[in-house]
Structures are given as C-alpha cells and as structure tokens.
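Report on the structure given below.
Bear in mind that the values in this text are calculations on the coordinates, not laboratory data. Source: prediction; values computed, not measured. Here Cβ is always computed from backbone atoms with ideal geometry, including for glycine, and neighbour counts include all displayed protein chains.
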C-alpha cells in the first residue's frame, strides 16, 4: 500500500509585499486592496502612514519593522503640511492635522478609520509624547 501524504486544505496565501492604492504603493505584510495588513485587519484598518525615514507608506509600524531594512522615523512636525496619511478606501492623501481633525473618518470619502491608531500615534508622527 502506498503511503499518503497530507495535502493542505488551503494552500498558503501569498499576498504581494507592495500593494498599489490609487497612485501610491503601500509596503507591508499581506497588504490587501484597502491597506489592511497581517497585523491589523478590521473593517476600520484602512489607513497607511508615510514614514520620514524612507518616504514610503506602510499600513502599520509592525509592517515597517518587518519589511524595512532601517529603523522607523515618524513624520516630523515641520512637515505636517505635507500629505503623509493615505486612505486605503479612496486613495486620497491627507496631512497629519487633517487626519487628526477628521474624527477617525476619511475627509474625502467618509470611510471609518480605526480609533485605536491613536494609541500609538507617536510611532507614525511626532506628538508631544514623542518629543525628546
């Protein structure tokens, strides 16, 4: 009798490292078409942040840790007038003040953003807590 080998019921999904959202590339781990990643996948996890160290968008700080070959540098206060937050639903870019004033919703399409991101905002942009 021949030995049978187990076949996985579902082959592992291989998502692209880079996902195009509008005209922007988002780098991360298992990034979907709305910028959700392997680390944050709720309906509201549809935002990506641009890091000052590499000028690239990532869905979260953990994606940056896993995919970048350098330490993360949050978006500096002196550049808050430049877009650095990307809505994964409509692809519109926002400045940090626009994002913070939008009450966890995209100012362009009204998609809901995860309010939990505020718990680690200092990892994405300079805050009073991240000043040294």
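So, in Å, what gap is there between the alpha-carbon centers of region 92-132 and region 30-76?
If we compute the Cα centre of each part, the gap is 13 Å.
Please rank 41, 56, fewest neighbouring Cβ atoms within 10 Å first, as an exposure proxy. Could you put the intermediate results ahead of the total?
Working: 41 12, 56 18.
Ascending Cβ contact count within 10 Å gives the list 41, 56.
Taking neighbour counts of Cβ atoms within 10 Å as a proxy for exposure, in what order, fewest first, do 73, 21 appear? If you can, show how the numbers build up before the last one.
Values: 73 12, 21 24.
Ordered by Cβ neighbours within 10 Å, fewest first: 73, 21.
Could you check the spin-label model distance between residue 25 and residue 38? Points 7 Å from the Cα along Cα→Cβ, value in nm.
Between residue 25 and residue 38, the simple spin-label model gives 1.9 nm.
Residues in region 32-50, backbone N under 20 Å from the label point at residue 82 (7 Å along the Cα-to-beta-carbon vector): list them, ranges by number please.
Residues 48-50 qualify, since their backbone N sits under 20 Å from the label point.
Starting from the Cα gyration tensor of region 78-123, take the square roots of the eigenvalues, sort them a ≥ b ≥ c, and report rounded, prolate or oblate (rounded when a/c is under 1.5, otherwise prolate if a/b is larger than b/c, else oblate). Mind showing how you got there, number by number?
Numbers: a/c = 1.78, a/b = 1.10, b/c = 1.62.
Oblate, since a/c reaches 1.5 and b/c is not below a/b.
Using only the Cα atoms of region 18-130, build the gyration tensor, take square roots of its eigenvalues as a ≥ b ≥ c, and label the shape rounded, prolate or oblate: rounded if a/c is under 1.5, else prolate if a/b is larger than b/c, else oblate. Walk me through the numbers on the way to the answer.
Details: a/c = 1.36, a/b = 1.02, b/c = 1.33.
Rounded shape, in that the Cα axes give a/c under 1.5.
How long is the gain from residue 17 to residue 108 if the chain were fully straight, where each residue apart is worth 0.36 nm and the alpha carbon distance is subtracted?
Values: separation 91, 0.36 × 91 = 32.76 nm, distance 2.64 nm.
Result: 30.1 nm gained on full extension.
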